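Okay, structure first, notes after.
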Amino acid sequence: MQESQMNIKEMAHLLEKLPLIAFEYECNPEKSQGRFTTVHGRAEEYLGIKPETLLENAALFFQMIFTADHEALKKLFESPDPVTQSYAFRFVHPDKSLRWLKVKLTKTVGMEKNIRSTGFITTPGDLELTIRKNEERFESLNTLYSLIIKFSSMLAQSPIDEIHHSVNEALKRLGEYAEVDRVYIFDLETETDLLNNTFEWCSEGTNPEIENLQGIPYSFVPRWKEIFAQNGYVYIPRVSEIDPQYEVEKEILEPQGIISLLALPMYYGDQFLGFIGFDSVKLEREWSNEHIALLRLAGEIIAGALNREKYERSLLLAKQIADDANKAKSEFLASMSHEIRTPMNAILGFSEILINTIDDEKNKGYLQAVLSSGNTLLSLINDILDLSKIETGQMEIMSEPIHIGSVFNEIVQIYSAKAQEKNLMLGIEVAEDFPKVLVMDDVRLRQIMFNLIGNAIKFTPKGNVKVIASYRYLESDHRHADIFITVKDTGIGIDPINHDAIFKSFYQVEGDNTRKYEGTGLGLSIVHKLVNMMGGQVRVESELGKGSSFILTFHKVEISSAEPEPETGHDWHSKSLTFSPATILVVDDIEFNRELVKSYFLEFGTLRLIEAKSGREGVEMCRMHKPDLILMDLRMPEMNGYQATEILSNDPETESIPIVAFTASSMKHDEALINELFDDYLRKPITRNQLINCLTRFLPHLIHQTTQRPASETQEGLIPNLKAKHLTAFLKEFNHELAPRLETLKDLLDSDMIESFLADFDFLCRQYAIKEFESLTSRLRQDARQFDFESYQRHLTSLSSSMDRLKQLAHK
C-alpha cells in the first residue's frame, strides 16, 4: 500500500517537471457540468490558474477558452467517442494575452453514462501550430470577405436617410466578427484639424466613449498623422507598452481600458476623411496582414458611403437654398410687379381718359407722349420679370403675323436719337425681296432687337450700328424660310474667351473699357433664352477693338399673306355699346384705382358702381347689395382678394356672382391660382377697352353697328368732291411723284422721309383746293414725331385706302 502511494507521488512529482498539464476529467452530459478529478503539471504557468482552483471550479477553464474555439472544445470533452483525439485551441490568459494550446484526450465510458477522460495540455509544435493557424486564418478571411460583400451591398442600396443606420450596422457586424469590444469612426475637420468620433459600436458590457472623444486636435497624435498621411495603419498590440515618446497616445487610450488597437485610414480618392478603429478591452488581439487588408477595404467602402451621403446632402441643401432663393425672388418680383403696376395703372389710365376727352391737339400730343413713355416703362418692367419667367418655364411664345419691316424701323427710330447723340450711323439693310409678313412672336422679337441694338449703341463710341436681315427658303417649300438677322457694330468688341460667358445671367465682362458702362448683365441672357425658345440660335463674332456682330438664326419661320390686325388699345371709337342696368362692386384699397374704373364708366349711365376699400368690406358690401359683377383687387390689408373670394364663393347667397380678379401680378403661378378661383382676371395697368371687353362676358349689352371712326378718318369722308378732269389730273401727279413713296412708307417709318412726303402731298392738295386730307396728314406728322407706330400704320393705311378709292372713282 505504501509502495503504491509512493509510486503515485513519484509519478505526480515527475509530471510536475514535464512541460505539460496532465489531468483526469469526468462528466455526464445529461447531468451537470463535469469536473477535474486530478490536475498535475504546469497549470499555473500555461493557464494562469492554480491546480486546486481547477479541481474546485472546472467551469472557469471553459469560460476562458477563446470564443471561436469554445463550442468545439466543450464538445470534445463531453463526447462519448472513445477514440483518442487532439485539438489546438486558443486560451485567454488572465494577463489578457491570447495563447495557443493543444489538448489530447483518451476517453472511457463507465457506469451510468459517465465519461472519464485522461489527457494532456501542451503547447503545440511549430508545424502543427502553423497548420492550425493557417486553417483558422483561411476560414476567418473567407468569413470576413463574405461579410464585406454583404454590407457593401447594403450600404450601396441604402437611401440617404438610412446610410447612418447602415454604417452602424456594418460596424456591429465587423466588431462581432473580429471579437473586439469597440469599433468606431473618426472624421477629420480639415478646416480646424480636429478629430471627432462620429460612429461607435460597443460590445455588451463595454462603456461607450463617443461623447468623450470630440474635438481632439489631430496634432495630439503626430505619429498617427504621419502614418495616415502615407496611407499606413496604426497597430498597437499592447497599449501598456507604448513607447514613452508617445505618452500622449497612452494618456488618451488607457483611460478607455484599451489593451490592443488597430486603426486604419479612410480615404475617398486622394482625400483623407478620417479613420476606422478596432479596440480590444478584454484581451490582447492579434491581426494578420490579410485581415488588415480586408478591414482596410471595409473602411474604404464605408468611407465611400459616407462621402456619397455627404455629397447628396450637399446637393439637397443646395437645392433647398436654390428653391428658397427662387421663392424669395418670386415673392420679390410679385411684390415689385404689384407696387410698380399699381401707380402705372393710374398714369396710363387717366392719360387714356384725357386723350379721348380733350380736343386740343397740342395737349393730345403731350398725352400721347405720356402714354408712349408709360408703355415703354411698362415693357421695361416686364423685361425685368422675363428672366425669372424664362428660368421657371413660365414664358410662352405667341406667334402671329407681323410686319417685320415695321419692327425693324420702329426699333431703329426709337434708338435714332441716342445714336445721333453719339454721332453714330444707325441703319437697316434688308434683302430686297425679304418677306413682308412673318409668323413670329412680335413682342419677343422686339425685345430681342431692343436688347441687341441698345447694347450695340451702348458699347460703340464711334462708327456705325447696322441691322442686316436676309432669308433662305426651305427646299421645295416657299411658305417657310430660315431668317437671319445680324446686329453689327464698330464698338469696343469682346475677347473671344468671353463669347460664351456673356450670355450668362448677370455677367459683365471685366476690363478698363467696360467698367464705365452701366447695366445689370441680363440683356444678352434674356436674348439667348428667348431666341432658343423661339427655335433659333444666337452667336457672336467679335474681337477686342474690332466691333461685334450678333447673328440670329430663326428656323422654319412661316411666311404669311395675312395682314396683322391694327391695335386699338387706347382708341375708344372702336368700342361703342350700351349695357343693360347693372351694379358693379369695385374692391380695391387704392383710391385712384377705384376712381379710374369710375372714370371709364362715365358714359355708361346704366352701370351703377359701388366701392369697398378692403376685402372684409367687400364681403359685407356684396352681401348687402348683391351686385351683378365684382372687380376684386388681390393685394389688400386685413383680408386679401383671395380670402374674400373664397368666402363669397362658399356663401349660397353670393356664390353665383361672377368675380373678376383685378391684379398687378404678372407671375404665372399666380395666374394658375387666379384661373382656378376667379371667373376672369384683368392685369393692371388696364385700358378702357380691356375692361369693356371683360364686362361684355358677364353683363347684358347691345353692340352698336355704327362703330366707324370720325368722318375725317373714314375712307368715305376722305374722298374729296372733285370734277372728273381735276380728279384725273390730281391722281396723275400723285401716281407719278407720290404713290411710290407712299408704298415705301408702309414698311418704313423714317421721320425725314414722312415729312418730305407730307410736304409734297400737302402742296399737291393745295393746288387742287383739297382740304379733306388736312386732319389726316396732321395726325401722320404727330405719329412720326412721337414714334407712335401703331397709330402711324393705321393713319397711313387710311390714306392709302382713300387714294385707292379715288382711283376706282376715276375709272368709273
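Given a 1.4 Å probe and the protein chains all in place, what does the accessible area of His93 round to, in Å² to the nearest 10?
Ignoring ligands and nucleic acids, His93 comes out at about 30 Å².
From largest accessible area down, sort Phe272, Phe592; use a 1.4 Å probe on the protein chains.
Of Phe272, Phe592, the descending order of accessible area is Phe592, Phe272.
From the phi of every residue in the range 465-470, what ³J(HN,Hα) in whole Hz does the Karplus formula 6.51 cos²θ - 1.76 cosθ + 1.60 yield, where θ is phi - 60° and glycine or proline is x?
Result, rounded to whole Hz: 10, 10, 10, 10, 10, 8.
Using a 1.4 angstrom probe with every protein chain in place, what is the largest-first accessible-area order of Phe484, Phe23?
Phe484, Phe23
Determine the gain in length on full extension of the stretch Ser240-Lys96; use 0.36 nm per residue of separation and subtract their C-alpha separation, reporting nm with one decimal.
Here the segment from Ser240 to Lys96 would lengthen by 50.7 nm.
Per-residue accessible area for Phe459 at 1.4 Å probe radius, Å² rounded to 10?
For Phe459, the solvent-accessible surface is approximately 60 Å².
If ligands, DNA and RNA are left out, what is the accessible area of His40 with a 1.4 Å probe, given in Å² to the nearest 10?
Taking all protein chains as shown, His40 has close to 50 Å².
Once phi is turned into ³J(HN,Hα) by the Karplus curve 6.51 cos²θ - 1.76 cosθ + 1.60 with θ = phi - 60°, what whole-Hz value does each residue of the range 47-58 show in order, with x for glycine and proline?
Taking θ as phi minus 60°, the curve returns 9, x, 10, 5, x, 5, 5, 5, 5, 7, 9, 5 Hz for the range 47-58.
For an R0 of 22 angstrom, estimate the FRET efficiency from the Cβ-Cβ distance between Ser476 and Ser561 and round to the nearest 0.05.
0.70
Starting from the coordinates of the alpha-carbon atoms of the range 146-269, obtain the Kirkwood hydrodynamic radius over all distinct pairs and give the value in Å to one decimal.
Result for the range 146-269 stands at 15.9 Å.
Using 0.36 nm times the number of residues separating Arg623 and Glu254, minus their current alpha carbon distance, what extension gain do you get?
Full extension of this stretch gives 124.6 nm more.
Taking the Cβ of Ala58 as the center, what net charge do the other residues with Cβ under 10 Å away carry, scoring Lys and Arg +1 and Asp and Glu -1?
Result for the neighbourhood of Ala58: -1.
Rounded to the nearest 0.05, what FRET efficiency do Thr143 and Thr108 have when you use their Cβ-Cβ distance and R0 = 41 Å?
That pair, Thr143 with Thr108, gives E of 0.65.
Going highest first, how would you order 497-503, 98-104 by mean Cβ packing within 10 Å?
Sorting 497-503, 98-104 by mean packing, highest first, produces 98-104, 497-503.
Multiplying the sequence separation of Arg741 and Ser599 by 0.36 nm and subtracting their Cα-Cα distance, what value in nm do you get?
Gain in length upon complete extension: 46.9 nm.
With a 1.4 Å probe and all protein chains kept in place, how do Leu73, Leu677, Leu55 rank by accessible area, largest first?
Leu55, Leu677, Leu73
How many times 2.2 N^0.38 Å is the alpha carbon radius of gyration of the range 573-702?
0.98
The values are calculated or read from the model by the stated rules, or taken from the named source; none is laboratory data. Only a predicted model underlies this, so the values are computations on that prediction, with no experimental measurement involved. Glycine also receives a Cβ, built like all others from the backbone with ideal geometry; neighbour counts cover every protein chain displayed. Ligands, DNA and RNA are excluded from the accessible area calculation, which covers all protein heavy atoms including side chains. Shrake-Rupley method; radii C 1.70, N 1.55, O 1.52, S 1.80 Å.
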